[in-house]
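A.B. asks: Quick one: the structure is below, questions incoming.
The values are calculated or read from the model by the stated rules, or taken from the named source; none is laboratory data. The structure displayed is predicted, hence computed values, not measured ones. All Cβ positions, even for glycine, are placed from backbone atoms using ideal geometry, and neighbour counts span all protein chains on display.
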Amino acid sequence: MAKLIITLDGVTLNELPLEQPKVTLGRAASNDIHLDDGTVSGKHAVFHVLGKEVFVEDLDSTNGTLVNGQRVRRRQLRHGDVLRIGQHELRFVEDTAQSLESTVIISSAQREALKSPKEMVGKLKILNGPKAGELLDLNKPYNTVGKPGVQVAVVAKRTQGFFLVPMAMGNSQGAPTLNDQPVGASSMALKSGDVLEVAGVRLEFQQQAC
């Protein structure tokens, strides 16, 4: 059975199985999935469950429905797809695919390669203000920087590396910037030397293997 894993600011809020032929999502309490989020429309999207296939359909929402960073009108979902609706992320998971992933057979060469994985270490160096020069360790799956209620961004630590996940709050300062370019709604891979600015603080991303 397919399900949605809903997260906000890196915190898992709920896991919801898609058991009905039609599952509605939005800010209105009458929805099957209710998101208390001012950037989500009252009737935002609907999930259509057709046998083993699941489709998401945007209901002309104000801020749109994104799947893997792309705004969609209607889209069939695949295992591992990440939807962004307002400030929430929803990961689409198929139990059968998850089971196959956990029982995959690897070759001896792959097994040797997995014995000594290199741990990637990430840090943010503060470049301005009274704390200039300080280093912030990025040792959590989701690391939040900025000022809640003003402007917030999240640096996610994944197996592929570190990614910037914008979580803009309020409009007083607009979107965070990466290398002086405004950040959009989709996650962006970070590389050493990138400069993030959020809530007036400039931070340099540093990464190395240990």
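A.B. asks: Among the residues of the stretch 107-125, is there at least one that is surrounded by fewer than 16 Cβ atoms within 10 Å (Cβ to Cβ), closer than 24 Å to Asn179 by Cβ, modelled with pLDDT of 85 or more and not hydrophobic (A, V, I, L, M, F, W, C)?
C.D. replies: yes
A.B. asks: Within the set of pairs 6+ apart or on separate chains, which have a first residue in the stretch 139-168 that is at pLDDT 80 or above, a second that is charged (D, E, K, R) and not in a loop (DSSP other than H, G, I, E, B), and C-beta atoms under 7 Å apart?
C.D. replies: Filtered contacts from the stretch 139-168: Lys140/Lys157; Pro141/Lys157.
A.B. asks: Of the conditions (1) in contact with a strand residue (DSSP E or B) (Cβ under 7 Å, 6 or more places away or on another chain); (2) modelled with pLDDT under 80; (3) among the aliphatic types (A, V, I, L, M); (4) under 30 Å from Gly51 (Cβ atoms), Val72 satisfies every one except a single condition; which number is it?
C.D. replies: Of (1) in contact with a strand residue (DSSP E or B) (Cβ under 7 Å, 6 or more places away or on another chain); (2) modelled with pLDDT under 80; (3) among the aliphatic types (A, V, I, L, M); (4) under 30 Å from Gly51 (Cβ atoms), only one is false for Val72: (2).
A.B. asks: On the given criteria, is Pro130 modelled with pLDDT of 85 or more, under 25 Å from Leu164 (Cα atoms), of a type outside the set (Gly, Ala, Ser) and not in a strand (DSSP E or B)?
C.D. replies: Yes: the conditions hold for Pro130.
A.B. asks: Follow-up question, since we're still on this one. Please state which of the following conditions Pro21 fails to meet, knowing it meets all the rest: (1) farther than 16 Å from Arg91 by Cα; (2) at pLDDT 95 or above.
C.D. replies: Unmet for Pro21, out of (1) farther than 16 Å from Arg91 by Cα; (2) at pLDDT 95 or above: (2).
A.B. asks: Scanning the stretch 188-210 for residues that are part of a loop (DSSP other than H, G, I, E, B) and modelled with pLDDT of 75 or more, which turns out surrounded by the most Cβ atoms within 10 Å (Cβ to Cβ)?
C.D. replies: Once the filter is applied, the top-ranked residue is Leu190.
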